[in-house]
1. For the range 21-169, count the residues as N, evaluate 2.2 N^0.38 Å, and divide the Cα radius of gyration by that value, please.
2. Is the shape of the range 61-104 best called rounded, prolate or oblate, per the rule: a/c under 1.5 gives rounded, else a/b larger than b/c gives prolate, else oblate, with a ≥ b ≥ c the square roots of the Cα gyration tensor eigenvalues?
3. Within the set of other residues whose C-beta is less than 15 Å from the C-beta of residue 123, count the net charge using Lys and Arg as +1 and Asp and Glu as -1.
4. What figure in square angstrom, to the nearest 10, would you give for the accessible area of residue 68 with a 1.4 Å probe?
5. Which parts of the range 103-120 would a label at residue 81 reach, counting a residue when its backbone N lies under 19 Å from a point 7 Å out along Cα-to-Cβ?
6. Would you kindly find the accessible area of residue 164, with a 1.4 Å probe and non-protein molecules such as ligands, DNA and RNA excluded, rounding to the nearest 10 Å²?
7. At 1.4 Å probe size, with the rest of the protein present, what percent of the exposed accessible area of the chain is carbon and sulfur atoms?
8. State log₁₀ I(q)/I(0) for the range 84-165 at q = 0.15, 0.18, 0.21 Å⁻¹ as given by the Debye formula over alpha-carbon point scatterers of equal weight, solvent excluded.
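The values are calculated or read from the model by the stated rules, or taken from the named source; none is laboratory data. Being a predicted model, the structure only gives us computed values, none of them experimental. Every residue, glycine as well, gets a Cβ built from its backbone with ideal geometry; the counts of neighbours run over all protein chains shown. These accessible areas exclude ligands, DNA and RNA; they are computed on the full protein's heavy atoms, side chains included. Shrake-Rupley method; radii C 1.70, N 1.55, O 1.52, S 1.80 Å.
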Amino acid sequence: SFTTGAARVAYLLKTDDIANVWAVPAEGGAAARLTSEAAGVDDFAISPDGTQIVYAALRPDGGADLRRTSRDGGPATTVLACPTDLCSTPQFSADGAQLAFERSPVQPDGQAGDPKVQVLDLATGQLAVPAQDPTHTTRSPRFTADGRLAYLDSTLQAIAVFDFVSRTATYIPNTSGEMGTW
């Protein structure tokens, strides 16, 4: 026999100008703080099975590392250290095996440079760059239900849909600069 947890809504809440991940039961009740990052959290994603949260933990230098906590806010662990970069916008694949994200170099003034979408295999720790040309500015990764990855290729002004099996991409013209969704 087993029980399931009640549905909760996770969100970023700023206190003293620092955002962290909080959750509240969908039917109402007390909110619980799930992360305690001193510099705050930029963005987060919940795994498809709902057991873990991966988030961009901000650093004072303007960068961010990808960290993980349980759905109940257990001790956080580092998924990917990005010592000179801002790693943000995490997105899980439908099977939870991969994590796509944006990686931007942090400039000397603390500002982020042009992002590049990368994909982390959570089992092996292997990193991949799905862009056909790694010099392109790419952002806004979104996984499809069948495992392909879509992202905005700002250099080509197109949405790229990358197939991990064939290692090829299909490009959909997009001059709006905005990413679609599945």
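1. Normalised by 2.2 N^0.38 Å, the Cα Rg of the range 21-169 equals 1.07.
2. Oblate.
3. Around residue 123, the surrounding residues sum to -2.
4. 70 Å²
5. Taking a point 7 Å out along Cα→Cβ of residue 81, the residues of the range 103-120 whose backbone N falls under 19 Å are 103-106, 120.
6. 50 Å²
7. Details: 4950 of 9540 Å².
Exposed carbon and sulfur together represent 52 percent of the surface.
8. Each listed q corresponds, in turn, to -0.50, -0.71, -0.93.
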